[in-house]
C-alpha cells in the first residue's frame, strides 16, 4: 500500500524566497501524506499554496488538514489554498490546541478578517468542517488510517501527529522545545518504533541557548530521541530562515555523518515510508 510524505514547505518562522534558499526551499511548513487512496495535509504554511495548485490538477475533491498549531508560519498559506474556493471540494480541518480557547474556525476566520485580509473565511465555497480536540487523543481518519496525537512544549500549545497505515507509521513533531538532558516523554511515546519522524530542528546546538522559550529544538535532540525510541529515519525539518543553502549543506554533511538515519527535509522531496 502506498505511504509517502511530500514536503511542500520546510521552513520555520517566515518564508524566505531568494537565490540563497533554492536548494532546500523557502516556503513554510506544509506536508502531504499520501496514504493509500487518501490525502492528508499537515499544516498550512506558505507551502500550501503550491500544494493546492497541484491538487486542482489531480482527480481529487476531499482531504483532511491537521494543524499542529496556528502561529502564522503554519497557517498563512490557507487563504491562498485554491481548493478551499471550489464548491466541488470537501475539507476537514482539525486542531488539538484550541479547545476551550475559541476554536480553530475562529482563528482562521480572524486571520482573514479586516483589516488583515480582503476575503473573509465565509467566502470559501468548499464544504469545510472544523473540529477541535485535545492533544493526546487518538482517532481514525479512515477505516485504514489511524491518527495518534500528543501535546508539545510550545508557546500557545502545539500537537504532534502519528499517522499509521498498513503497519507503517510516520510522525510529525514540530514545533517543540526540549530540556537539555531530559528526554521529552510525550515525544518519546508518540515516536516509539516509527518508520519516519519529522522533527523540529530550527536551531543548532550552539544557537539554541539564545532562543530558550521560543519553542524550538535541534537536530541533535531529534536524533537522540529517535535513537532512544528505535526510529528508522529522522527528517531534519523547520529550518531557520537564516540558514541558507551553504549552511544547510554543511549541516547535512554533519548530520548524516553523525547517524545514517538523519536526512535533511527539502522542499519538493518525496519520502516513502517503509
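The values are calculated or read from the model by the stated rules, or taken from the named source; none is laboratory data. Quick caveat: nothing in here was measured; it's all calculated off a predicted structure. Cβ atoms come from the backbone with ideal geometry, glycine included; neighbour counts cover every protein chain shown.
With respect to residue 166, is the statement that it is buried (at least 18 other Cβ atoms within 10 Å of the Cβ) and touching a residue at least 40 places away in the same chain (Cβ under 8 Å) true? In short, no. I'd like to check something: does the stretch 66-75 contain any residue that is in contact with a strand residue (DSSP E or B) (Cβ under 6 Å, 6 or more places away or on another chain), at pLDDT 95 or above and within 19 Å of residue 267 (Cβ to Cβ)? Taking every residue of the stretch 66-75 in turn, at least one turns out to be in contact with a strand residue (DSSP E or B) (Cβ under 6 Å, 6 or more places away or on another chain), at pLDDT 95 or above and within 19 Å of residue 267 (Cβ to Cβ). Got a number for residues in the stretch 248-260 being closer than 21 Å to residue 175 by Cα and free of Cβ contacts under 8 Å to residues at least 40 places away in the same chain? Qualifying residue count for the region: 2. For the stretch 13-38, the set of residues classified as in contact with a helix residue (DSSP H, G or I) (Cβ under 9 Å, 6 or more places away or on another chain), more than 18 Å from residue 76 (Cβ to Cβ) and surrounded by 17 or more Cβ atoms within 10 Å (Cβ to Cβ) consists of 24 only. The criterion of being at pLDDT below 95 and closer than 24 Å to residue 169 by Cβ holds for residue 37. Is there a residue being crowded, with 23+ Cβ neighbours inside 10 Å and under 19 Å from the mean Cα position of the chain (by Cα) anywhere in the stretch 118-131? No, because not a single residue in the stretch 118-131 is crowded, with 23+ Cβ neighbours inside 10 Å and under 19 Å from the mean Cα position of the chain (by Cα). Taken over the stretch 142-171, the criterion of being more than 29 Å from residue 72 (Cβ to Cβ) and in a loop (DSSP other than H, G, I, E, B) is satisfied by 143, 144, 166, 167. For the stretch 144-156, a residue qualifies if it is surrounded by fewer than 20 Cβ atoms within 10 Å (Cβ to Cβ) and under 17 Å from residue 214 (Cα atoms), and the qualifying residues are 151, 153, 155, 156.
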